[in-house]
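Got a structure for you, written out below as structure tokens; questions coming shortly.
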Amino acid sequence: QVQLVESGGGLVQTGGSLRLSCAASGRIFSFNVMGWYRQAPGKQRELVAKITSGGSTNYADSVKGRFTISRNNPKNTVYLQMSSLKPEDTAVYYCNLITGPFEYWGQGTQVTVSS
């Protein structure tokens, strides 16, 4: 069983920054993909960014140039540095891990950007 523990959400003003962290524990294959998704009220969950264990990244167009995803492989931890935050970034952010045939989700952390 794999567990994902997220931290770092909160309330920030427009233009501010936040850093999310997600630590994975349990049986994790050496090749895996970790990422962040978000879901705003009344909207579907969407990909924000993801990164493979080899370091390849993928970003949603809406966050390119503002968000940076990174990871620490020995610690099985993924980070999302969010800058120049906008009110439309307000959502619950979920950590995601794909390892082998399995997919896991964190419990979610709220990010609220005030205007």
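The values are calculated or read from the model by the stated rules, or taken from the named source; none is laboratory data. Everything numeric in this text was worked out from a predicted model, so none of it was measured. Glycine gets a Cβ as well: all are built from the backbone with ideal geometry, and neighbour counts include every protein chain shown. Accessible surface areas use protein heavy atoms only, side chains included; no ligands, DNA or RNA. Shrake-Rupley method; radii C 1.70, N 1.55, O 1.52, S 1.80 Å.
Just the number please: accessible area per residue for the stretch 1-40, 1.4 Å probe, all protein chains included, in Å². Provide the component values of the computation, followed by the final result.
On the way: 2140 Å² over 40 residues.
Value returned for the stretch 1-40: 54 Å² of accessible area per residue.
Using the crude model of +1 on Lys and Arg Cβ and -1 on Asp and Glu Cβ, and no other charge, please compute the dipole size for the chain relative to its Cα centre, in debye to 20. Could the numbers behind the result be given before it?
On the way: 11 positive and 6 negative charges, 32 e Å.
It works out to roughly 160 debye.
Would you work out what percent of the accessible area of the stretch 15-79, with all protein chains in place, is carbon or sulfur (probe 1.4 Å)?
Working: 1680 of 3560 Å².
Looking at the stretch 15-79 in its full context, I get 47 percent from C and S.
In addition: Any idea which of 100, 63, 74 is furthest toward the positive side of the dipole for the stretch 33-115, if Lys and Arg beta-carbons carry +1 and Asp and Glu beta-carbons -1?
Result: 74.
How about the stretch 1-71: which trypsin sites (Lys or Arg not before Pro) there are in a DSSP loop, with at most 13 other Cβ atoms within 10 Å of their Cβ? Mind showing how you got there, number by number?
On the way: sites: 19, 27, 38, 43, 45, 50, 64, 66, 71; in loops: 27, 43, 45, 64, 66.
Those that pass, being in a loop and sparsely packed, are 27, 43, 64.
Among 61, 89, what's the order by accessible area (1.4 angstrom probe), most exposed first? Please report the intermediate quantities before stating the final value.
Details: 61 125, 89 0 Å².
Correct descending sequence by accessible area is 61, 89.
Continuing with this model, one more query. Work out Dmax and Rg for the stretch 1-81 from the C-alpha atoms and quote the Rg first, both in angstrom.
13.2, 39
Ok, one more. Reachable aspartates and glutamates from residue 64, Cα under 18 Å, same-chain residues fewer than 8 places away excluded?
46, 88, 89
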